[in-house]
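The block underneath contains the structure these notes are about, expressed in structure tokens.
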Amino acid sequence: MRKPSQLIPENTMAGNALTIVVAIMCFLACLTLGSVTLVRDASREWQGDILREVTIQVRPSDGRDSAADAAKAASIARLFPGVASAEVLSDQESNALLEPWLGTGLDLSDLPVPRLIVVRVSDPDRVDLAELGLKIKAEVPTATLDDHRAWTSRIQTMASATVLVGLSILALVFVATILSVVFATRGAMAGNKDVVSVLHFVGAEDGYIAREFQRHFLMLGLRGGLAGAAAAAVLFLLMGLILGPSVSSGTGEQMSALFGRFSVGPIGYFGALGIAFLIAVMTAVTSRIAVYRYLAETD
Amino acid sequence: MIRFENVGLRYGVGPEILRDLSFDIRPRSFQFLTGPSGAGKTTLMRLIFMAMRPTRGLINVFGRDATSLTKSDLPAVRRRIGVVFQDFRLLDHLTTFENVALPLRVLNKEESSYRTDVVELLRWVGLGDRMHAFPPVLSGGEKQRAAIARALIGKPEILLADEPTGNVDPPLARRLMRLFVELNRLGTSVVIATHDINLMNQFNARRLVIEEGRLTVYE
Ligand SMILES: Nc1ncnc2c1ncn2[C@@H]1O[C@H](COP(=O)(O)OP(=O)(O)O)[C@@H](O)[C@H]1O
Ligand SMILES: [Mg+2]
């Protein structure tokens, strides 16, 4: 016994066109959502990194032993609450930092190069960097604390601006999705007027007709939406693999410096699924409204 | 069961196609609706079926004033009327069986509850071996019979058939007519719109004749 045919014809041109429109719009919306979460995660990571590291510079000064000053400043920092470690960079490490600017084979002792102390913060919320700066200054006048605060706030503004732009794009993509789904659904509905009128004269209730259409378009929307979301998810995964931390190609490193690990978090994946369902429901609701409108016009 | 009183109808701002129609269709009756092409036979059937409303006059359907029926009353009334359209209006993506079963399917009935009835009816109209075929591959006569079977499956109290013999050869036309007579004998009122005088002359039945917008009844 064959399975009963659907009352609303499947695989019509308008129906297939609608599936494709839904898939593409869903793909774009998912991509936008993924990018927004990516930027947000990356900016959090930058901020975290910046807040977790401060440097102390000890300027060489006549009549002072800058090595001793540096050691003293480091030991003050080490004892400060919220600080995990404070290491004076060795000559080689300083050389390595300066190499790109000054070239190789130079002797630091001939130059008035400041000594650097890298201070790692264990708890950015607990440590009072201003207080630490003052304390060190009091004991070692040649030392200054650079807490990167200007950087953090600048990055913070930039990141939130980027997220805001991303969210506006997401909103626009949503509006475009809604409009194209509405119009494609209405186009597909127009091709089904004959079906509606036949159902009508064989005595079908309006509610029955609307339910049939709603179910048909819900399935159609789900098919398109899930295809679009799946394509976006595959793209996220591929990007994660290609630009992930395990690969140490030049571009990979640059990208990961910029975006952190290029991996879309669970919000991206669940969001994609949510967008697919939302679009499917929208398709169904639009078809329901279109049917009722059509039924109201004819009687 | 259907009564018209001084019914008039015009399409839009055009001339009045039907004027002062008064007649009734009684239970278990059999009648032809006739008149030249373009006289308004199809239009009159649309009025009976409540696919449109008259411009003036009264239509009473199954004891109720048609103007008092709301949109939600219509499906129930339509199920008591079987219609065979001139152009059949079969759904091409459904099999013959599914097309015929449609009036029961839209009542949310299980297929198992009506399967034997539909098969039996298909055999009665001579489509027993065509029930899994789709309308595009059916001949004109087969489509005609499928449309008739769909009109009958819900056991309507009245059957309206618009030019049911218009697309078939004379032997099949006679067979279809015998089918309608048999149906009428079983208790259904039958209205057959036709402009085929020869066909009507083979039956001694009531005639509703539309000419120049007016209707005359010959009992
Ligand atoms: N939807 C319509 N709009 C305007 N005029 C129509 C419409 N349907 C039918 N007519 C006109 O009404 C008249 C009667 O048509 P119809 O009822 O189809 O006649 P019949 O079925 O007797 O051949 C014709 O002149 C036709 O042109
Ligand atoms: Mg006609």
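The values are calculated or read from the model by the stated rules, or taken from the named source; none is laboratory data. Because the structure is a prediction, the values reported are computed rather than measured. Glycine also receives a Cβ, built like all others from the backbone with ideal geometry; neighbour counts cover every protein chain displayed.
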Within region B:208-219, the residues that are on the phi < 0 side of the Ramachandran plot and either within 14 Å of another protein chain (Cβ to nearest Cβ) or within 14 Å of ligand 1 (Cβ to nearest atom) (or both) are B:Leu208, B:Val209, B:Ile210, B:Glu211, B:Arg214, B:Leu215
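Residues checked against (1) buried (at least 19 other Cβ atoms within 10 Å of the Cβ); (2) more than 14 Å from chain B (Cβ to nearest Cβ):
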residue: A:Pro124; (1), (2): no, yes
residue: A:Gly133; (1), (2): no, yes
residue: A:Ala143; (1), (2): yes, yes
residue: A:Asp147; (1), (2): yes, yes
residue: A:Ala171; (1), (2): no, yes
residue: A:Val175; (1), (2): no, yes
residue: A:Asn192; (1), (2): yes, no
Go through region B:185-204 and count every residue that is more than 15 Å from ligand 1 (Cβ to nearest atom) and either over 17 Å from B:Thr165 (Cβ atoms) or in contact with a helix residue (DSSP H, G or I) (Cβ under 9 Å, 6 or more places away or on another chain) (or both). 11
Checklist (1) over 30 Å from A:Leu7 (Cβ atoms); (2) more than 13 Å from ligand 2 (Cβ to nearest atom) applied to B:Leu69, failing item: (1)
Can you confirm whether B:Val181 is surrounded by 15 or more Cβ atoms within 10 Å (Cβ to Cβ) and either away from every other protein chain (no Cβ under 14 Å) or within 16 Å of ligand 2 (Cβ to nearest atom) (or both)? no
Is it the case that B:Ile25 is touching a residue at least 12 places away in the same chain (Cβ under 8 Å), more than 10 Å from every other protein chain (Cβ to nearest Cβ) and away from ligand 1 (no atom under 16 Å from the Cβ)? yes
Having 2 or more residues that are basic (Lys, Arg) and at pLDDT 90 or above is the bar; report the strands (runs of 3 or more DSSP E) wholly within region B:104-219 that clear it. B:206-211
If you check B:Asn99, B:Asn60, which single one turns out to be at pLDDT 90 or above, under 15 Å from B:Pro135 (Cα atoms) and polar (S, T, N, Q)? B:Asn99
Take the conditions within 13 Å of ligand 1 (Cβ to nearest atom) and touching a Pro at 6+ places or on another chain (Cβ under 8 Å) and apply them to B:Leu91. Does it pass? no
Looking at B:Phe88, B:Phe97, which is the one that is surrounded by 14 or more Cβ atoms within 10 Å (Cβ to Cβ) and either out of contact with any helix residue (DSSP H, G or I) (no Cβ under 9 Å at 6 or more places or on another chain) or not in a loop (DSSP other than H, G, I, E, B) (or both)? B:Phe97
Would you check if B:Ile210 is within 13 Å of the chain's Cα centre (by Cα) and either within 16 Å of ligand 2 (Cβ to nearest atom) or within 24 Å of B:Val61 (Cα to Cα) (or both)? no
Just for region A:207-217: of the residues that are surrounded by fewer than 19 Cβ atoms within 10 Å (Cβ to Cβ) and not hydroxyl-bearing (Ser, Thr, Tyr), which one is farthest from A:Val22 (Cα to Cα)? A:Gly207
Restricting attention to region B:65-86, the residues that are closer than 29 Å to A:Glu10 by Cβ, in contact with a strand residue (DSSP E or B) (Cβ under 9 Å, 6 or more places away or on another chain) and free of Cβ contacts under 8 Å to residues at least 12 places away in the same chain number exactly 0
Scanning region B:24-42 residue by residue, the ones that are over 12 Å from the mean Cα position of the chain (by Cα), within 16 Å of ligand 2 (Cβ to nearest atom) and not small (Gly, Ala, Ser) total 2
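Results for (1) modelled with pLDDT under 75; (2) surrounded by fewer than 20 Cβ atoms within 10 Å (Cβ to Cβ), shown as yes or no for each residue.
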position	(1), (2)
A:Ile20	no, yes
A:Val36	no, no
A:Gly48	yes, yes
A:Ala71	no, yes
A:Pro112	yes, yes
A:Arg120	no, yes
Take the residues in region B:28-76 that are closer than 21 Å to B:Pro103 by Cα and near ligand 1 (Cβ under 9 Å from one of its atoms); name whichever of them is nearest to the other protein chains (Cβ to nearest Cβ). B:Met52
May I ask you to say which residue of A:Ile56, A:Ile50, A:Ile24, A:Ile8 is within 14 Å of chain B (Cβ to nearest Cβ) and in contact (Cβ under 8 Å) with a residue 24 or more places away in the chain? A:Ile8
